[in-house]
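**Student:** Below is the structure I would like to discuss, written out as structure tokens.
The values are calculated or read from the model by the stated rules, or taken from the named source; none is laboratory data. Predicted model, so just to flag it, every value in this text is computed and none were measured. Heads up, the Cβs are rebuilt from the backbone with ideal geometry, glycines too, and the neighbour counts pull from every protein chain shown. To get the accessible areas, we keep the full protein, side chains included, count just its heavy atoms, and leave off ligands, DNA and RNA. Shrake-Rupley method; radii C 1.70, N 1.55, O 1.52, S 1.80 Å.
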Amino acid sequence: MKFISTNGKAKPVSFSTAALQGLAPDGGLYIPKEWPQLSADFLDGVCDKSLQQIGFEVSRLFVDELDDKLLKKNIDEAINFDAPLVELDERKKVLELFHGPTLAFKDFGARFMSRMFAALRKDSNRDLIILAATSGDTGSAVAQGFLGVEGIKVCLLYPSGKVSHIQEQQLTTAGQNVTALEVDGTFDDCQKMVKQAFSDASLNEQLLLSSANSINIARLLPQMFYYLYAVAQLDSDFPPIFCVPSGNFGNLTAGLMAQKIGMPVTGFIAATNANDVVPKYLQSGEFEPRASQRTISNAMDVGNPSNFARIRHLFNGNLQQLQQHLWGASFSDAQTRNAVREVYQNYNYVVDPHTAVGYRAAQQYLDCASGYFGEDTRTPVIILSTAHPAKFGDVIEPVIGEQVPVPDRLASCLDKPKQSITMDNDYQKLREWLLKTYESGS
Ligand SMILES: *Cc1c(COP(=O)(O)O)cnc(C)c1O
């Protein structure tokens, strides 16, 4: 199985190259060259399969550089938590993707990627150093995902004073092979320094650097698993509609990829906050990226979603084709808060602000656009719940008037002492520190 670039100017590469390189040399994103199909046997028997079994069989279609045993072991280790489907009512279900260590769906991508990097890295004499800038959530998933993985060191840069308390605790208390650099600057400064490091040829001769950012194809593969696992858990004769709270659109792209390999599905809903370039595009045909706007569903504050290049590629840039599979809607913070309240009042269920955007979109679809995909009126709508509400207690609690209990795996990092190294907003300082810390290779 080869992977090609969405820009079409780079040569096809293996999964390991696509994963370890991240971005294709022509600046495009890697995407599978072909779409192998899930067998009829697999789909007929899917309701008896575990998330991990589905993970193995899906990965097998794309990853041919690991033998079955090793692939299976890595998937069992990476995806060591569940993704249950919860029923709100006849039509609406919630797929809970927050049962991993950092309570957000990014655990799927980060944990799978870390095991794949460790298993596929080319030079086993040297440590692989993952360098990443983070504004919060990605960094904690990466820190936890790579924690304790042999042969890999993680260095995270985050803007001092500009991440939430919980996020900072998650970033700075991992320990072991994870180091957090607290940068005296903004997220953009962190990102700029990381980019400088990757383009510094002499540094890259001395250190084996790799990125773990959201455009990596290794993060998308494991996100296909849970779409199929949702179908497996569904008790319905009608293929579902998936409603996906979206920012950078990696999650939604993974759903479209699952459809490509034969998952039965009626359609997708792109749910966004005020950062609404994709819903706008679906309506007007104009794709107009803008600077991101801050909202209470901050992990979706993306003004120029990078995975849009993959979505375009999947539909050959054809808007009409895309519209047959994707409907979109965007919501303000006030509407998001109302949705949190409504779900709590109607179903006695607490959702985080990102999931609330998804709920609101699903409800709007059912109220105003039902039948858009030509579906039966009994077609279930599955809302992807991307984070645990306890991560956003400060937003949720005033709305529902109750405390949100904090799960143990989050509570435990809140007690640990913060361990970070302060770093000036100065690339030369970062460069010196990286060499001093990692050059010996161990
Ligand atoms: C990252 C994130 C999203 C957005 O996912 P994309 O794949 O970037 O569209 C939504 N919700 C939460 C909680 C996230 O952390």
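**Student:** For the range 395-423, which positions are closer than 20 Å to Ile129 by Cβ and open to solvent by less than 90 Å² (accessible area, probe 1.4 Å)?
**Tutor:** Once the filter is applied, which keeps residues that are closer than 20 Å to Ile129 by Cβ and open to solvent by less than 90 Å² (accessible area, probe 1.4 Å), the range 395-423 yields Ser420, Ile421, Met423.
**Student:** Quick check on my filter: what residues within the range 358-388 are open to solvent by 10 Å² or more (accessible area, probe 1.4 Å), within 15 Å of the ligand (Cβ to nearest atom) and not in a loop (DSSP other than H, G, I, E, B)?
**Tutor:** Answer for the range 358-388, where residues must be open to solvent by 10 Å² or more (accessible area, probe 1.4 Å), within 15 Å of the ligand (Cβ to nearest atom) and not in a loop (DSSP other than H, G, I, E, B): just Arg360.
**Student:** Can I ask one more? List pairs: first residue in the range 39-59 and open to solvent by less than 10 Å² (accessible area, probe 1.4 Å), second residue modelled with pLDDT of 95 or more and among the acidic types (Asp, Glu) anywhere in the structure, Cβ distance under 9 angstrom, at least six positions apart or on different chains.
**Tutor:** Pairs that qualify, where the first residue is open to solvent by less than 10 Å² (accessible area, probe 1.4 Å) and the partner is modelled with pLDDT of 95 or more and among the acidic types (Asp, Glu), are Phe42/Glu57; Leu51/Asp82; Gly55/Asp76.
**Student:** Same structure again: Starting from residues that are in a helix (DSSP H, G or I) and open to solvent by 10 Å² or more (accessible area, probe 1.4 Å), keep the ones in the range 257-276 and report whichever is nearest to Leu234 (Cα to Cα).
**Tutor:** Once the filter is applied, the top-ranked residue is Gln259.
**Student:** Let me spell it out: the conditions are (1) outside any helix (DSSP H, G or I); (2) in contact with a helix residue (DSSP H, G or I) (Cβ under 7 Å, 6 or more places away or on another chain), and Tyr229 meets all of them except one. Which number is the exception?
**Tutor:** It fails just one condition, (1).
**Student:** Sticking with this structure for a sec: Does any residue of the range 398-420 turn out to be on the phi > 0 side of the Ramachandran plot and touching a residue at least 40 places away in the same chain (Cβ under 8 Å)?
**Tutor:** no
**Student:** Let me ask something else about it. Determine the pairs where a residue that is closer than 16 Å to Ala174 by Cα, located within the range 99-116, has a partner that is within 11 Å of the ligand (Cβ to nearest atom) and open to solvent by 10 Å² or more (accessible area, probe 1.4 Å) with Cβ atoms under 7 Å apart, the partner being 6 or more residues away or on another chain.
**Tutor:** Listed by first residue and then by second, the contacts come to Leu103/His388; Leu103/Lys391.
**Student:** With respect to Phe81, is the statement that it is closer than 21 Å to Val244 by Cα and not hydroxyl-bearing (Ser, Thr, Tyr) true?
**Tutor:** For Phe81, the condition - closer than 21 Å to Val244 by Cα and not hydroxyl-bearing (Ser, Thr, Tyr) - is met.
**Student:** A further question on this structure: Here are some conditions: (1) of a type in the set (D, E, K, R); (2) in a helix (DSSP H, G or I); (3) open to solvent by less than 40 Å² (accessible area, probe 1.4 Å). Lys192 meets all but one. Which one does it not meet?
**Tutor:** (3)
**Student:** Then there's this: Just one of (1) in a helix (DSSP H, G or I); (2) of a type outside the set (Gly, Ala, Ser); (3) touching a residue at least 12 places away in the same chain (Cβ under 8 Å); (4) open to solvent by 10 Å² or more (accessible area, probe 1.4 Å) trips up Glu205, so point out which.
**Tutor:** The number of the failed condition is (3).
Let's see how each residue does on (1) surrounded by fewer than 22 Cβ atoms within 10 Å (Cβ to Cβ); (2) more than 12 Å from the ligand (Cβ to nearest atom):
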{"site": "Thr102", "(1), (2)": "no, no"}
{"site": "Phe108", "(1), (2)": "no, no"}
{"site": "Asp127", "(1), (2)": "yes, yes"}
{"site": "Phe146", "(1), (2)": "no, yes"}
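**Student:** A further question on this structure: Kindly provide the set of residues from the range 268-310 that are away from the ligand (no atom under 13 Å from the Cβ) and among the hydroxyl-bearing types (Ser, Thr, Tyr), ordered by number.
**Tutor:** Hits for the range 268-310 are Tyr281, Ser284.
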